[in-house]
1. Could you give me the percent of Cα pairs per 10 Å distance bin for the range 454-522, shortest bin first, beginning at zero and ending with the bin that holds the maximum distance?
2. Which residue, L351, N514, L156, has the largest displacement toward the positive end of the dipole of the chain when charges sit on each Cβ (Lys, Arg +1; Asp, Glu -1)?
3. What distance in nm separates the simple spin-label points at N397 and D493, each placed 7 Å from Cα in the Cβ direction?
4. Which of K326/K468; K300/K326; K326/K489; K452/K489; K468/K489 have a Cα-Cα distance over 24 Å?
5. Full extension from V37 to R122: what is 0.36 nm times the residue separation minus their Cα-Cα distance, to one decimal in nm?
6. By a straight-distance test (C-alpha under 17 Å), which aspartates and glutamates pair with K219 as possible cross-link partners, with residues fewer than eight away in the same chain excluded?
7. For the ranges 147-156, 542-551, what's the packing order if you count other beta-carbon atoms within 10 Å of each residue, average per peptide, and put the highest first?
8. Based only on the alpha carbon positions, what is the Kirkwood hydrodynamic radius of the range 265-422, in angstrom?
Amino acid sequence: MVNQDFIRLRKNNEQLNIIGISAGYHDSACCLMQGGVLTAAAQEERFSRVKQDKAFPRQAFRYCLRQAGLTISDVDCIAYYEDPCQKLSRQIWMGLVPNLSAARREATLDRLAAPQPEQAIRQLLGYDGPVEMTDHHLSHAASSYYFSGFEEAAILTVDGVGDWPTTTYGMGQGAQIQRLEQVNFPHSLGFFYSAITSYLGFEVNEGEYKVMGLAPYGKPLYVDQLRQLVDTGPGGQFRLNLKYFAFLTEDRMYSDELIGLLGQTPRQPESELNSFHEDVARSLQVVLEEILLQKVRYLKEIAPSENLCMAGGVALNCVANRRILKDGPFKRLFVQPAAGDAGGAIGAAALAHVRLTGEAPVRERLAHVFLGPDISGSEAHQILSASSAKFRDFRGNEEELIRFVVDRLVAGDVVGWCHGRMEFGPRSLGARSILADARRPEMRDRINALVKMREAFRPFAPAVLHSKVELNFELDHPSPFMLETCAVKPEIDLPAITHVDGSARVQTVHPETNPRFARLLEEFYRRTNCPVLLNTSFNMRGEPIICSIVDALKCFIRSKIDLLMVGDFVLERSEIPPLWNLQAAVTATSEEGAGEGIGHLVYTLL
Ligand SMILES: [Fe+2]
């Protein structure tokens, strides 16, 4: 724990520099809080280019220091997002479960032998100052509450597992967070959803979004069966019916009993989807929403407030979030956009700030998440000038740039839109995005063919001008982080972003927090009377979202998107050097190392 004398030694008014870290399970991240203000945050995967990288976030840490112009000696405290003692006790318990498979035993032993967080902080970061450890779900709770702008709120955290709890009920008031109740591992709503995700042939921790997207195609025919998986009641507790799950003893999430219950063999990954899979996905979503609604009603009883804060991986289920807001007892809902474990880093930093200063971090609602590395004009110009690529230079002429891009969007082009600081969290919100005209019915298939290569059933999301949202969507409040769904107005025809059930996962774009993107939408609206664009993340399938200029170029070259805006510069597919296309064709034949191949190409051309 931190020596309080250490704080007293600091000069009056000097702001504390607190680093927050999450690592080790999936989606490692690092952030920097300065004087109670979040000034930098990024996931390690964006630098390492390993999707959902769980490695200790050394590169993200270096980025945070660089962004603020700090050295390691300027760091006052490093806060880690979970308590290794609690986690260790759970891991030891898991190692003692009877009938453990050999693979499961080995995995448990590997986890026990891994370096402990403080050791990693000292050895890998070279840091010898104070280190604060906190509880995994307290980090989740803090990551939502302290950034919600609420003076008080009920707090619900729900995930797969961290240390022991999987669900917590709490209350935030001023600077303090109080936990009122918790549900412990192995009883986990996250694992309930993940087990069915796995049964449906999708990857755990990655495919849950796909299952949510698949659900509206199906009918809730398996609700009765799936209700048998979770014993729940009116209070806060619930229990998994463990005979249907295998994650305690085996390397798979579900048991043979679950297969028997649903009556069909599990779907093989990448195999064809049929109505059975759609019906199971729909039933899963229905049962999850039932349980969450029941639990938020209980939370309202024990934490009476009009405000609800949510975090943990399950809070990324934006369909459930909509239901909670619509049918639940709370008037206002805040979901922290990096609600999964990456966001634990910002919760840990905020908690350390409270412990060290006795005060809450700056209590403004998180207005944006542009907390990652910047794409600077000079760097982009240097890279592009040194290459043989032809590019347009719009420096000092943003109006012209916007008009040029809108011309191309109206003409049906798919645009890579990359500028400013990168988003923190899983969604692209207009800094590292692929954009297209949402009115065009062919756009979903076209983007999939050009770059995303993802399952055809998955919907794309819309970005809409903040001031025009009610023209197109049944939404009466801002949704800047794409964290809830709503209905597209029946008279509005936006086929590229409207899901089969008439819903869309909307991002509202405000000129104050997202000025260039807002100007683009305004110009598109002026030209077309439509204030909406399709907005999807800028990445190839299976890869993290792009971060740097070089990542943007690699993705542009390997994909077939029509136009790339990077900073104030624009490249057109029709004008890229033939050698780039050739290299892209060669590397596209080998998924592994394809990005590296292009990387070498880009560097060779410099
Ligand atoms: Fe978690």
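Just so it is clear, none of the values below were taken in a lab; they were calculated from the coordinates. Treat the numbers as computed from the prediction; the structure is a model and nothing was measured. When we count neighbours, we look across all protein chains shown, and the Cβ atoms used for this are built from the backbone with ideal geometry, even at glycine.
1. Percent of pairs per bin, in order: 21, 53, 24, 2.
2. In the chain, that residue is N514.
3. Label-label distance for N397 and D493, simple model: 3.7 nm.
4. The answer is K452/K489.
5. Working: separation 85, 0.36 × 85 = 30.60 nm, distance 2.49 nm.
Separation in residues times 0.36 nm, less the Cα-Cα distance, equals 28.1 nm.
6. E278, D279, E289, E290, D501
7. Values: 147-156: 23.2, 542-551: 21.4.
Per-residue mean Cβ counts within 10 Å order the peptides as 147-156, 542-551.
8. For the range 265-422, inverting the mean 1/r across all distinct Cα pairs yields 20.9 Å.
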